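Bear in mind that the values in this text are calculations on the coordinates, not laboratory data. Keep in mind it's a predicted model, so treat the numbers as computed, not measured. With ideal geometry, Cβ positions are generated from the backbone for all residues, glycine too; neighbour counts draw on all protein chains shown.
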Amino acid sequence: MFAKAFRVKSNTAIKGSDRRKLRADVTAAFPTLGTDRVSELIPGKEELNVMKLYAHKGDTVTVYMSGGNPILFELEKNLYPTVYTLWSYPDLLPTFTTWPLVLEKLVGGADLMLPGVVVPPTGLPPVQQGDLCAIALVGNRAPVAIGVAAMSTAQMLASGLKGKGFSVLHTYQDHLWKSGDKSAPPAIAPLAVNPTDSNEEKVDLGLQGSLSSLTLEGEEENRKVHHSEASEDTSSGAVSQDSSDSKPLQEQMDELLQQCFLHALKSRVKKADLPLLTSTLLGSHMFSCCPEGQQLDIKKSSYKKLSKFLQHMQQEQIVQVKELSKGVESIVTVDWRHPRITSFVIPEPSPTSQTVQEGSREQPYHPPDIKSLYCVPANMTQLFQESGHKKGSTLEGSEVRRIIVDYAKRNNLVDADNKNLVKLDPILCDCLLEKNEQHVVMKLPWDGLLTRCLQNMQPAYQVTFPGQEPILKKGKLCPIDITLAQKSYNKKVTVVRNLETYGLDPCSVAAILQQRCQASTIVSPAPGAKDSLQVQIQGNQIHHLGQLLLEEYRLPGKYIQGTEKAPKPGKK
């Protein structure tokens with residue numbers, strides 16, 4: 001609705017009686033907000049303006065402004081919160097999640113299609129057709145859009161998550177957002193998963209089979225759909241504590257820690273790897289041995305620190321740990337004949353690993369399909385117009401080659417004496433030659449002709465994620481950039497940029513690295529880059545970062561630069 005500029009009809013201070021009416025309307029529209037928060041949203045004495053405007057499609061909209069920001073807008077007697085308001089009250093509306101790259105499409109005026117919806121560990125929120133919903137990005141609960149559900153949750157599940165999901169009304173970065181202070185969404189951590197909470201309304205994809213034959217339209221608004229069978233699944237991001245398992249969480253984490261340790265020693269660590277940094281043991285071996293759906297977190301164990309856990313393992317004479325350099329511990333020997341290692345049975349891998357567990361976990365990351373493209377510039381339109389292309393058309397390299405070959409043959413430009421040479425007509429001269437070459441270069445070899453043509457075209461690329469429409473970008477594709485910076489005399493930090501281009505959420509990557517590296521992380525705006533974030537990790541963590549991007553996320557190495565700066569074995 002606000003993808004294009006709107007026209008302001010009036011902007012006046014609200015009257016006292018209108019302020020009271022607005023409070024009553026907000027309380028009625030959003031009963032979960034509560035009286036205190038309504039008074040906080042619409043203060044009694046602070047300036048509050050009413051702005052009447054015409055949207056680009058002709059709709060008459062009333063916008064309420066407080067503190068210089070739009071907080072609410074009214075359309076056809078319905079009140080809607082803006083993203084500024086939802087950042088203060090992120091639980092005001094049922095929230096659905098999508099990928100960061102989808103935001104650009106939403107800002108441009110597109111609706112959210114169901115293939116772009118990410119299913120969280122708790123399942124999709126229960127909504128009815130026509131309900132107002134918030135849309136957030138993976139890894140951050142701060143909403144970036146609001147929309148109206150095009151179908152109920154049950155209908156979404158029955159459709160197999162296909163078709164239109166939400167009619168989007170307003171987004172972060174649209175013109176309504178621009179009428180405020182243009183602040184960026186705050187970082188709001190996703191809600192912790194509590195599988196045993198039966199009081200929260202949830203519709204789980206694990207119930208898709210049974211729900212597909214049901215229609216929730218016309219049922220009581222507060223009906224709750226429980227998922228007792230799905231609660232047996234373990235949610236990602238935490239070690240689940242089933243009702244059938246009375247063990248405290250700390251005891252479960254101790255057992256998981258020992259299991260991952262023994263699994264790593266039995267199946268991954270080799271004698272040639274010794275001495276092995278204890279941080280490498282944890283980040284490169286133990287984490288990857290964690291059973292699917294569980295997450296290893298030493299801080300939640302009774303040991304609290306890896307060094308303390310390894311001291312216990314050393315006391316059992318399973319390993320020997322030494323400080324080979326100041327402050328850096330390494331495992332120097334392993335007793336692979338120790339009864340605890342020899343008797344350990346490696347768990348069978350889950351047959352559904354690397355796949356989406358319906359109703360039990362978030363969809364795993366899949367790298368995008370990336371194509372390098374070439375954009376036709378204004379000075380080369382004559383060369384391409386015969387093949388039906390105009391200024392701004394994007395082509396793959398193979399298409400450019402075919403068009404150039406066809407053009408040369410159609411215009412009899414192939415040298416009769418040497419088939420490897422192409423005669424240059426006026427159009428080719430204008431497109432490919434420098435001014436000082438115009439009357440000097442009369443022919444070019446095929447490879448030189450094609451190389452010059454591609455060099456003179458403008459770079460572009462297309463990114464396609466599974467289940468989403470391709471996203472076309474003009475300009476050169478920036479790789480994920482990993483650098484090592486010196487913060488002080490003896491402190492280094494690892495900085496990674498351009499994650500969003502590849503569909504990776506910087507906040508999620510930071511959370512993973514913080515745990516695996518046992519180091520502090522910071523997510524901040526990337527210098528010189530619009531609407532882009534960078535992740536900063538304490539220490540030289542390029543090895544862990546490279547392993548995450550290359551081995552787990554399976555991103556091609558040509559899209560990552562800086563992994564060669566990883567520390568050598570034995571060095572920090």
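Points to keep in mind about this one:
- Extension gain (nm, one decimal) between Glu76 and Gln438, 0.36 nm per residue minus Cα-Cα: 123.9 nm
- Entry note, the chain: the mean residue ellipticity at 222 nm calculated from DSSP H runs of n ≥ 4, each adding -39500 (n - 2.57), is -6500 deg cm²/dmol after division by the residues and rounding to the nearest 500.
- Looking at the range 460-503, the trypsin sites (Lys or Arg not before Pro) that sit in a DSSP loop and have at most 13 other Cβ atoms within 10 Å of their own Cβ are Lys476.
- Order by protection proxy (mean Cβ within 10 Å, highest first), peptides 532-542, 136-146, 52-62, 4-14: 136-146, 532-542, 52-62, 4-14
- Inter-label distance, His366 to Ser88: 4.1 nm, where each label sits 7 Å from its Cα along the C-beta direction.
- Charged-residue dipole, Cβ positions (Lys, Arg, Asp, Glu), the chain about Cα centre, Debye nearest 20: 2160 debye
- Using the Cβ-Cβ distance between Glu316 and Ser520 with R0 set to 45 Å, the FRET efficiency from 1/(1 + (r/R0)^6) comes to roughly 0.90.
- Peptides 15-24, 100-109 ordered by packing proxy, namely the average of other Cβ atoms within 10 Å per residue, highest first: 100-109, 15-24.
- Highest-first packing order for the peptide set 63-70, 502-509 is 502-509, 63-70, based on the mean count of other beta carbon atoms within 10 Å.
- Dipole magnitude of the range 444-516, debye to nearest 20 (Cβ charges: Lys/Arg +1, Asp/Glu -1, about Cα centre): 400 debye
- Extreme residue, positive dipole direction of the range 1-106, given options Gly34, Pro94, Thr12 (C-beta unit charges): Thr12
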